[in-house]
Structure formats: C-alpha cells, structure tokens
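Note sheet for the following structure.
The values are calculated or read from the model by the stated rules, or taken from the named source; none is laboratory data. Source: prediction; values computed, not measured. No Cβ is skipped: glycine too gets one built from the backbone with ideal geometry, and neighbour counts run over all protein chains shown. Surface accessibility is based on the protein's heavy atoms, side chains included, excluding ligands, DNA and RNA. Shrake-Rupley method; radii C 1.70, N 1.55, O 1.52, S 1.80 Å.
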Amino acid sequence: MKTMKMKGWVKVLIIVAAILLGVFAYVFYKVSDMVTMETGKVNNFLYAGKTGFVNFFVMEYDSGLICFDAGNSIAEVEIAMKELNLNVKDVTHVFLTHSDGDHVNGVEAFPNAKIFLPEKEVGLLDGMVTRKIFFMEGSNKLPVDNYLTMKNQETIMAGQVSVKATSAPGHTPGHTVFLVNDSILFAGDAFHLAEDGTYEALWAPINNDYERAKETAETLRNIPISLVVTAHDGYYRFEK
C-alpha cells in the first residue's frame, strides 16, 4: 500500500516539475526575445545605457543632460555613464515612465536631478493600486521621496527641449510615454517594438491590464514621430 501511495506522489511530483519546467522555459523564451541595446550612442545627442536587461536613455541639451528612466541599479548606471563619458552630476531631469524597479532603482545615481513620476503611478507606491505581475500582486517602491509628478498631456521645458507626458496605461496603471520636441518618443514598457517598427502589447503576464495595453499600443501608433526608443526592444527610425 505504501509503495502504491509513493508511486502516486512521484507521478504528481513529476507532473508538477514538468509544468514548472515548461513555464520557466517559456519565460526564458519571452525574455530572450528582448533586444536590449548595448551602452552607446543612438545619435549625436542621444545615448543608451544598458543595466542588465533594461535600457535607460540620456539626452544632451543646452544646459546639461536629461534621462528617461533610471536603470536597474545605481552601480550599473554609474558604469554605463562612465562608458559614455557622461557625468551623473550633469543630469538635470529624470523622467520615469513608470515605477517598476528595473526602471527606477538607479535614480539615486543622479544627485542634482529633478525626478518626474507620472501622477497616476503614485497609487502603486502608496498601496492604493495593486501591481500585478505573473501570478503575484504587490506594490512598487521609489528609492527617493523628493520627486515631482506629471499629469497626462503636461509639458516640461528643459532649456529649449519640450518633454510632453502622454498616459499609456496597461503595463502599469500610470505608465506614461514622453514625447520630446514632437519628434522622439520614449516609450518605456508601453509596448513591444517589432523589427518592422510596429507596436505590440507586451507579454500578457507582465501587464497589469493586457487588454488596456493592446489599446494603448494601437493609440500610440497614431503619434507622428521620427524616432521611438524602448526600454527592452531597442529603437526604430521612421522614414519621413
């Protein structure tokens, strides 16, 4: 009898292990589909910094540097900035597309910067809104308390550079993209950027609301731009 029971448990364990192995294999496949850029130049005034599997971007302007997202860790940000021959102290503004850790953990690397977070993302920090990812629920954290919020369609001027916030919910409830000088779109995790420049919603389990993410991808396609950059899928230049 004990032998039969043990055989039954062994079968259950084998089935569970097979399911877990399949899930991990699929996750690995989806993650490997990301084409995070190596640290380097995008053009003559825009740079990509690689921190693990995520990029942050640095833009030169007349009064210093602007960052879009802040990387996965302080140490990785500092390494990337040194490779780019850029000074973290010259960063005057950091615009965060959302509050997931891989986009905000390095924000303290920029001691002189004003930090801007989408207004609708604050709920994920104070627990009023739940961050859903895979089968888990929780809240996000921002390493700093001294941040400013940006509303949908609000524009911040950094010297002669205009940075317009546009709500892009789905991945997180307050996810926002930034349109710079009506030309460059910093998309964060608003969508997956395919090789032909089309926008697709990110993999369903990492979005708070997959259906909303699909709607957002469709809407953002209508914004006329010359360049789009993403946190995990590189960039695409559109023909004029």
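Miscellaneous remarks
- Euclidean distance of C-alpha centroids, segment 200-240 and segment 61-125, integer Å: 21
- As a calculated quantity, the FRET efficiency between Arg221 and Leu84 at R0 = 35 Å, using C-beta atoms, amounts to about 0.70.
- Computed from the C-beta positions of Thr36 and Tyr61 and an R0 of 30 Å, the FRET efficiency is 0.75 to the nearest 0.05.
- For the chain, the longest principal axis of the C-alpha atoms and the axis of helix 74-83 are separated by about 50°.
- When the alpha-carbon atoms of the chain are used, the pair Rg, Dmax equals 19.9, 80 angstrom.
- For segment 89-152, the orientation-averaged shadow of the C-alpha convex hull comes to 4.5 nm² (one quarter of the hull surface).
- For peptides 148-161, 181-194, 222-235, sequence by mean Cβ density within 10 Å, most packed first: 181-194, 222-235, 148-161
- Average accessible surface for the chain: 53 Å² per residue, computed with a 1.4 Å probe over protein heavy atoms with every protein chain in place.
- Here the accessible area is traced with a 1.4 Å probe on the protein chains. For segment 84-125, carbon and sulfur cover 40 percent of it.
- Formal net charge of residues neighbouring Leu193 (Cβ-Cβ distance under 10 Å; K, R +1; D, E -1): -4
- When the chain is treated as a Gaussian network with alpha carbon springs shorter than 10 Å, the biggest mean-square fluctuation among Glu195, Glu121, Glu76 belongs to Glu195.
- Considering helices alone, the calculated mean residue ellipticity of the chain at 222 nm is -8000 deg cm²/dmol, with DSSP H runs of length four and up weighted by -39500 (n - 2.57) and normalised per residue.
- The chain - share of DSSP beta bridges that are antiparallel (%, nearest 5): 70
- Net charge contributed by nearby residues that have their C-beta within less than 12 Å of Leu46 (K/R +1, D/E -1): +1
- Helix 210-220 axis, angle to the chain major axis (alpha carbon atoms, nearest 10°): 30
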